[in-house]
């Protein structure tokens, strides 16, 4: 049994968020929540929230509610690039520098080990 949770339009670059998803791929849910909770990166709070949402989706999906949290693991965790906001920063001698404010979409899938 598996369940999925997504969070779209996160205002962080996909490269920074992939550093966090690589830490939790294949780990048990208990360990993944612990790793994200004590990580100093800004995106760790968002990733933890999405992971908790995926676990909650699994419990809501299962009518019997006989799934134990210790049996769950992170089956997939991936980050896709979202839209990029383009801004202009004034530069010397009449030039303009382009600033790209990137965003990403985070998807986490949890499943039971059996």
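The values are calculated or read from the model by the stated rules, or taken from the named source; none is laboratory data. In this text the structure is predicted, and so the values were computed from the model without any measurement. Backbone-built Cβ (ideal geometry, glycine too); neighbour counts: all protein chains shown.
Table: residues versus (1) within 19 Å of the chain's Cα centre (by Cα); (2) assigned to a helix (DSSP H, G or I); (3) closer than 12 Å to residue 1 by Cβ.
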| position | (1), (2), (3) |
| --- | --- |
| 57 | yes, yes, yes |
| 66 | no, no, yes |
| 77 | yes, no, no |
| 80 | yes, no, no |
| 83 | yes, no, no |
| 89 | no, no, no |
| 108 | yes, no, no |
| 111 | yes, no, yes |
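Any idea how many residues of the range 30-42 are crowded, with 19+ Cβ neighbours inside 10 Å and in contact (Cβ under 8 Å) with a residue 40 or more places away in the chain?
Adding up the residues that qualify gives 1.
Given (1) at pLDDT 95 or above; (2) farther than 19 Å from residue 13 by Cβ; (3) touching a helix residue (DSSP H, G or I) at 6+ places or on another chain (Cβ under 7 Å), where does residue 93 come up short, assuming only one miss?
The number of the failed condition is (3).
When the residues of the range 1-15 are narrowed to those that are at pLDDT 95 or above and exposed (fewer than 15 other Cβ atoms within 10 Å of the Cβ), which ends up farthest from residue 111 (Cα to Cα)?
11
Among the residues of the range 16-27, write down those that are touching a strand residue (DSSP E or B) at 6+ places or on another chain (Cβ under 6 Å) and buried (at least 17 other Cβ atoms within 10 Å of the Cβ).
17, 21, 24
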